[in-house]
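The next block holds one structure in the form of structure tokens; read it before the comments.
The values are calculated or read from the model by the stated rules, or taken from the named source; none is laboratory data. Bear in mind the structure is a predicted one, so any value in this text is a computation, not a measurement. Using ideal geometry, Cβ is built from the backbone for each residue, glycine included, and neighbour counts are taken over all protein chains shown.
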Amino acid sequence: MTLAITKTTGTAVPAVVGADLRVPLVTGERVTYANLDHAASAPCLQEVRDAVDELLPWYASVHRGAGFASQVSTRVYEQARDRVRKFIGAHSSDAVVFTRNTTDALNLLARSVPKGTAVVLFDSEHHAALLPWRGPNVQRIPAPTSSGAAVVALDRALAAAPVGPRLVIVTGASNVTGELWPVAELAKVARRHGARIALDAAQLAPHRPVNARELGVDYVAFSGHKIYAPFGAGVLVGRADWLQQAQPYLVGGGATSKVTDHGDRLGVAWSAVPERHEAGSPNVVGVHALAAACEILSRHWEQTVAHEQELLTRLREGLRTIPGFRELSILTDADKVGVVSFTIPGFDAGFLAAALSAEYGIGVRDGAFCAHVIVGRLVKQNGSHEDRAVRASIGLGTTAEHVDRLVAALRTLVTEGPKWTYTQRDGRWVPEDDSRTLPPFLA
């Protein structure tokens with residue numbers, strides 16, 4: 001077991017790969033990288049890397065070989081379903097379908113709902129949850145300003161929804177603001193109206209325990225790269241009936257139980273769920289990594305939450321001392337995971353991100369975070385004419401020094417200006433005369 005003792009809380013939390021990574025600055029120095037972009041992709045846990053290394057000698061085809069290594073890989077892949085099911089507290093009868101990521105999982109669900117299903121969601125959703133749902137039966141609710149308002153708005157929307165199958169889509173934690181949504185309360189409303197509910201847990205699963213049965217949700221989607229397993233796997237877990245009745249998400253080997261030649265056509269008998277929606281050779285390494293991350297996080301929730309909450313308090317208190325700092329917020333009464341998005345009037349978000357990286361070795365995200373509708377609205381509410389913000393997000397790889405460095409760097413940029421000259425190129429701010437070199441493996 002690989003743990004790191006944090007100076008902030010003195011708590012042992014799972015260690016990440018790259019904690020000692022040093023990056024070049026435009027000034028010629030090198031500093032330890034301050035990764036404050038966990039919300040986009042979290043670093044790999046050292047224990048996840050170890051689990052992958054343990055599997056690699058046995059890596060072989062899944063479901064397609066009689067060789068011993070193939071049998072081992074197949075067992076690893078199938079056992080991962082139970083490990084993921086346990087992680088999110090799913091029912092034993094729930095299907096576990098492995099996908100590429102959360103976006104892939106929610107698109108699979110969108111392809112599987114019965115024809116005519118009324119879909120209800122808030123327009124503050126991330127694109128992965130917002131865009132797969134099209135057509136006249138889709139109702140987008142304007143973003144509420146409180147948890148209670150969200151419950152009332154969903155109740156009204158479902159009361160007005162067409163008769164027939166209904167599905168609610170909701171995020172667990174906003175990838176823009178980090179705010180926790182009242183999932184259990186929304187699920188009760190959905191149940192009362194005979195609707196199913198799907199939880200986008202991409203931003204929730206790395207920060208808080210998720211229990212589908214306790215929350216009352218029917219489907220859960222999340223990604224490995226968000227939970228410290230960046231090996232290209234995601235998952236959709238939930239009730240099997242709609243998935244079983246739907247046409248395969250992709251067609252090909254694995255999705256078929258039998259193909260017969262009838263001359264002018266092919267006869268196809270499709271596999272049952274979950275294989276029905278997992279055509280092609282599966283990503284057994286990614287799935288194993290995802291399952292390993294699930295188990296590691298499950299062992300360390302108390303330490304993880306304490307570590308992140310203390311750093312989040314430190315981050316927000318520090319940022320509030322920056323002249324002009326304005327935090328984005330949707331649900332003003334909600335608790336938060338480690339995500340803070342903000343604007344500073346007079347300073348372009350892209351410029352701030354570029355200068356933080358080039359001069360201070362700090363990684364943050366700038367833009368609209370694949371949530372253009374809500375970010376544009378919140379930024380304008382903050383008095384800006386832009387449609388972009390800066391996002392700082394923390395996780396298991398974050399230290400108090402990273403937080404303090406960000407706050408100090410922003411204060412210097414805002415009050416004294418940059419040390420370097422920057423220009424816009426292809427829509428992005430970049431430092432002029434940038435002599436930083438890429439690592440040797442990219443040469």
(message) Looking at the structure I just gave you, is GLU317 out of contact with any Leu (no Cβ under 9 Å at 6 or more places or on another chain) and among the acidic types (Asp, Glu)?
(response) yes
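Got a number for residues in segment 379-400 being buried (at least 24 other Cβ atoms within 10 Å of the Cβ) and either charged (D, E, K, R) or more than 30 Å from ALA306 (Cβ to Cβ) (or both)? So that I can check it myself, show each step before the final result.
Keep residues of segment 379-400 that are buried (at least 24 other Cβ atoms within 10 Å of the Cβ), which gives 389-398.
When the remaining residues are screened for being either charged (D, E, K, R) or more than 30 Å from ALA306 (Cβ to Cβ) (or both), the result is 391.
Matching residues across segment 379-400 total 1.
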(message) Take the residues in segment 217-248 that are in a loop (DSSP other than H, G, I, E, B) and of a type in the set (Val, Ile, Thr); name whichever of them is nearest to the chain's Cα centre (by Cα).
(response) ILE227
(request) Among the numbered conditions (1) surrounded by fewer than 22 Cβ atoms within 10 Å (Cβ to Cβ); (2) touching a Ser or Thr at 6+ places or on another chain (Cβ under 9 Å), tell me where VAL251 comes up short. (result) (2)
(request) Tally the residues that are more than 30 Å from CYS44 (Cβ to Cβ), within 35 Å of the chain's Cα centre (by Cα) and of a type in the set (D, E, K, R), restricting the search to segment 249-289. (result) 1
(message) Looking only at segment 243-283, count every residue that is under 23 Å from SER92 (Cβ atoms) and among the aliphatic types (A, V, I, L, M) and tell me the total.
(response) 4
(message) Restricting to segment 401-427, name every residue that is exposed (fewer than 14 other Cβ atoms within 10 Å of the Cβ) and among the charged types (D, E, K, R).
(response) GLU401, GLU416, ARG425, ASP426
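Being surrounded by fewer than 21 Cβ atoms within 10 Å (Cβ to Cβ) and modelled with pLDDT of 95 or more is the requirement here; does VAL285 meet it? Can you show your working first?
Values: surrounded by fewer than 21 Cβ atoms within 10 Å (Cβ to Cβ): yes; modelled with pLDDT of 95 or more: yes.
When the stated conditions are applied, VAL285 passes them.
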(request) Count, please, the residues in segment 184-197 that happen to be surrounded by fewer than 23 Cβ atoms within 10 Å (Cβ to Cβ) and either of a type in the set (Ser, Thr, Tyr) or in contact with a Gly (Cβ under 7 Å, 6 or more places away or on another chain) (or both). (result) 3
(request) Six or more apart or on different chains, Cβ under 8 Å: which pairs go from a residue in segment 72-91 that's more than 21 Å from ALA198 (Cβ to Cβ) and not assigned by TED's automatic domain parsing to the domain that holds GLU278 to one that's in a helix (DSSP H, G or I) and of a type in the set (Ser, Thr, Tyr)? Could you list them? (result) none
(message) With out of contact with any strand residue (DSSP E or B) (no Cβ under 6 Å at 6 or more places or on another chain) and either buried (at least 19 other Cβ atoms within 10 Å of the Cβ) or of a type in the set (Lys, Arg) (or both) as the only criterion, which of VAL62, VAL151 stands out?
(response) VAL62
(request) Would you check if ALA409 is at pLDDT 95 or above and under 22 Å from VAL337 (Cβ atoms)? (result) no
(message) I'd like to know if segment 200-223 contains one or more residues that are surrounded by fewer than 18 Cβ atoms within 10 Å (Cβ to Cβ) and aliphatic (A, V, I, L, M).
(response) no
